[in-house]
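Below is one structure; the comments refer to it alone.
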Amino acid sequence: MSSQTFPYSGNYEMNGKSTENGAYRNGNAKELLRPLSQECNYVPLHKRIQKRINAGDPFFSLEFFPPKTTQGVVNFFNRVERLREGGPMFVDVTWHMGSDPANLNKETSSSSIAAGCLDFCRVDTMLHITCAQYTKEQTMKNLEQCKEMGIRNLLALRGDLPQQDENPIVYKYRALDMIRWTVEQFGDYFTIAASGYPMGHPEAPSYAADLQYLKSKVEAGAQFIITQLFFEEAVFEKFVRDCREIGITVPIIPGIMPIGGYENIRRIAELSKLTIPDWLLNALEPIKQNDEAVRNYGIHLATQLCRNLLNKKTAPSVHIYTMNRESACREILQNLGLWQQTSIRALPWVPHGGHHPIRCREDVRPIFWAARPKSYIYRTKDWDEFPNGRLGNISSPAFGDLKEYYLFYLKGQTTKEDQLKMYGHELQSIEDVQKVFINFLTQQENENGVKVTKLPWNEQENTQEETRLINEQLLWCNNNGIITINSQPAVNGAPSTDPLVGWGQPGGYCYQKAYLEFFTSRENAEALHTLLPAYKRINYHIINHDASIDWTNSAPTTPIAVTWGVFPGQEIAQPTVVDPLSFRVWKDEAYDAWLSHWAHLYPEQSSSRAILQQIHDEWCLVTLVDNDFPQPVILYDILEKMLQQVADSKKINEQLQS
């Protein structure tokens, strides 16, 4: 390279303005991040709710229902991940009988959706459970499955049976029964919520009788209450007052449904057997044909209702019935000041935090899955414990198979036609492949007039923010047949508030070793292998698709820390490592992406597929770590020498042949 690459130490210039002290981080999180050590123990949801109430710190939660299609599921998880950024206390998923709710082998079932929210969206998740349709044994089996999934929060509901005739339906089991069974069988493992009806359950003998039944549910073990939707502040205020008067002391959270459409709210009210106030119907009548006007009015009404309840301390939080919509919920929460865009990353990768019963202790991951976090989560979902403090030897836990992950979690994220527009309808040479990577880095439109926003090795669009620090070097690599799929710049003591590389507690400092992962031709890899012994500061691993080449100077089972941080009053954290054992697992996934996510777009006998197959079969996957992080990075200088050595060898061979 023509210019040296120095380690970054913060104060990056963005549009001519300094970002020192994290001035360009967006958001206004209400509370600073807790020390990592405090995330290591699971804290039950009801205790975290009570802590926020005691502190006078309002919060919000969100309710969703299962999508109907696999494509809908992919979009759903993306939506939940975006809403997670606002900091919900929890999300809950309805028990939808049409989804075959307990079937974990069905992608659209309530249980599968709840598991995905917990594992892949990394948000504390509550699952609705109904019991009227089941025997006691079936209900207990459903609860046991929840425990196996890692779900710790339940909303206990009776559910409905179909009306057979004019006679009243006789329910053998109700929510109260299920709450008692849950406590008897599982003790305090689950946080249990109960439903409350501010105007009384429509099937209850009376409003007073319904309150007494709610009290029985609380006495049996329900730890907080989420109410049915309502439209008037006074209705909720009276309900809370009446509950307190009969001795119900647990938190009562109001369920709020933003009006999204005129006919929609009428249908929901009819199904819920709710009466819509005349004033609301009169307000909607003039605008009922204007969907945008109804939506805006619904946002205004929900904002005012929530603001009044929170300001008067009538409610400690709000529970939004999202109807699987995103924008209205976000707007309402931002209006209320509840949207908490976190200003500092807790770790270089997004952790589950303290709400996951097992992953709450996880604070170390191999760097290889940096652009595919869902894959890593999926492939390690059956582990009984996760690395905490250091990665250690992970030769025992087995990584899960990729087949189901490919069939479901990556399915449908980008259409075939959109992929072809990004990657090219026809590939005629290796250079055409290189152009795809170059266009991804530059974000300039290609010959099809589109930007390459995602590569087969990426789950999310676009590059990491820190990539801009080494973008020039990565472009040079890809222009010269060094196809990069993962990288990080060297960092020497950047403030933890830095907008590009910062993470952890304020007042800390972050460090990184330069890391580069790439595919290159076998002749390049062989030349590199002859050069690397002269550079003792470099750790390397060179491997091919079938591991017939497997060259490394790293210890067989010892991970190398490539990211670490120093924070006030804490041990040094090392959340990202290069691990030889994990790399051999990742190798299969990295190579498979050439075929499963790219070559399959083209006809079997096409030149495009042949070129990608050639890369898969003949090229090597390489990782390089420059351990001398305070000094200028030499990785790219070594690669330049590699290319020169290959060119010199070709020249000599040509001279000999002539």
- Task: Return one number: the angle in degrees, 0 to 90 and rounded to the nearest 10, between the long axis of the Cα atoms of helix 430-442 and the longest principal axis of the Cα atoms of the chain.
- Result: 50 degrees
- Item | the chain, relative contact order in percent, only Cα pairs under 8 angstrom and at least six apart counted | 16 percent
- Query: Relative contact order for the range 28-336: what is it in percent, counting Cα pairs under 8 Å that are at least 6 residues apart?
  - Reply: 17 percent
- Helix-derived mean residue ellipticity, 222 nm - over the chain, DSSP H n ≥ 4, -39500 (n - 2.57), to 500: -11000 deg cm²/dmol
- Could you pull out every one of the lysines with an alpha carbon less than 21 Å from that of residue 68, ignoring same-chain neighbours closer than 8 positions? 106, 411
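Any chance you could run the full-extension gain for residue 141 through residue 209? It's 0.36 nm times the residue separation minus the Cα-Cα distance, nm to one decimal. The partial results should precede the final answer.
On the way: separation 68, 0.36 × 68 = 24.48 nm, distance 3.09 nm.
Value of the extension gain: 21.4 nm.
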- Label-point separation (nm) for residue 460 and residue 637, each offset 7 Å from Cα along Cα-to-Cβ? 3.4 nm
- Task: Can you tell me the dipole magnitude for the chain around its Cα centre, using point charges on the Cβ only (Lys, Arg +1; Asp, Glu -1), in Debye to the nearest 20?
- Result: 1540 debye
- Ranked from fewest to most other Cβ atoms within 10 Å of their own Cβ, 579, 382, 177 fall in the order 382, 177, 579
- Message: For semi-axes √(5λ) of the Cα gyration tensor in Å, one of (i) 41, 29, 25; (ii) 39, 34, 26; (iii) 52, 26, 24 was computed from the structure I shared and the rest are decoys. Which label?
- Response: (iii)
- Task: Name the long-range amide H neighbours of residue 153: under 5 Å, sequence gap of 5 or more, or other chain; modelled H, no Pro or chain starts.
- Result: 127, 191
- When 274, 516 are arranged by how many other beta-carbons sit within 10 Å of their Cβ, fewest first, they go 274, 516
- Calculate the spin-label point distance for residue 276 paired with residue 246, positioning each point 7 Å from the Cα along the beta-carbon direction, and give it in nanometres. 3.0 nm
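Let me know the shape class of the range 28-336, please: from the alpha-carbon gyration tensor, a ≥ b ≥ c as square roots of the eigenvalues, rounded when a/c is under 1.5, otherwise prolate if a/b is greater than b/c, or oblate. Present the calculation step by step, with values, prior to reporting the outcome.
Working: a/c = 1.21, a/b = 1.08, b/c = 1.13.
Cα axes put the range 28-336 in the rounded bin.
Could you grab the relative contact order for the range 412-465? Cα pairs under 8 Å, six or more apart, rounded to a whole percent. Kindly include the intermediate steps, with their values, before the conclusion.
Values: 42 pairs, mean separation 14.7, N = 54.
With pairs under 8 Å counted, the relative contact order is 27 percent.
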- Expressed as a whole number of Å, what is the distance separating the alpha-carbon centroids of the range 483-521 and the range 243-319? 46 Å
- Going 7 Å from the Cα of residue 432 in the Cα-to-Cβ direction, what parts of the range 578-613 have a backbone nitrogen less than 11 Å from that spot? 602-603, 606-612
- Folded to 0 to 90 degrees: helix 327-336 orientation relative to the chain principal axis, Cα: 70 degrees
- Message: Show me, for the range 151-156, the HN-Hα J-couplings you get by feeding each phi into the Karplus relation (A = 6.51, B = -1.76, C = 1.60, θ = phi - 60°), rounded to Hz, glycine and proline as x.
- Response: 6, 10, 10, 10, 10, 7
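What order do you get for 425, 300, 128, 96 when you list them from fewest to most C-beta neighbours inside 10 Å?
Values: 425 12, 300 15, 128 22, 96 18.
Least to most surrounded, the residues fall as 425, 300, 96, 128.
Work out the length of the dipole vector of the range 366-657 about its Cα centre, built from +1 on the beta-carbon of each Lys and Arg and -1 on the beta-carbon of each Asp and Glu, and round it to the nearest 20 debye. Write down the numbers at each step before the final one.
Working: 23 positive and 37 negative charges, 56 e Å.
Here the size comes out at about 280 debye.
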- Message: If I fit a long axis through the Cα atoms of helix 207-220 and take the longest principal axis of the Cα atoms of the chain, what angle between them do I get, 0 to 90°, rounded to 10?
- Response: 50 degrees
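Once you order the gyration tensor axes a ≥ b ≥ c over the Cα atoms, which shape class does the range 64-162 get: rounded for a/c under 1.5, otherwise prolate or oblate by comparing a/b with b/c?
Details: a/c = 1.92, a/b = 1.53, b/c = 1.26.
Since a/c reaches 1.5 and a/b is larger than b/c, the shape of the range 64-162 is classed as prolate.
Want the number for residue 148 to residue 314: 0.36 nm per residue separation, take away the alpha-carbon distance, what's left? Write down the numbers at each step before the final one.
Numbers: separation 166, 0.36 × 166 = 59.76 nm, distance 3.66 nm.
Contour length minus the Cα-Cα distance gives 56.1 nm.
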- Which order do peptides 257-263, 553-559 fall in by mean Cβ count within 10 Å, highest first? 257-263, 553-559
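So between residue 448 and residue 307, what do we pick up on full extension, going 0.36 nm a residue minus the alpha carbon distance?
45.9 nm
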- For the range 176-208 and the range 73-147, compute the distance between their C-alpha centroids and round to whole Å. 19 Å
- Note on the structure: Per DSSP, the loop-located trypsin sites (Lys or Arg not before Pro) within the range 245-289 having at most 16 other beta carbons within 10 Å are 273, 288
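None of the figures in this text is laboratory data; all of them are computed from the coordinates on show. Since the structure is predicted, the reported quantities are computational estimates derived from the model, not experimental observations. As a convention, Cβ positions derive from the backbone with ideal geometry for all residues, glycine included, and neighbour counts pool all protein chains shown.
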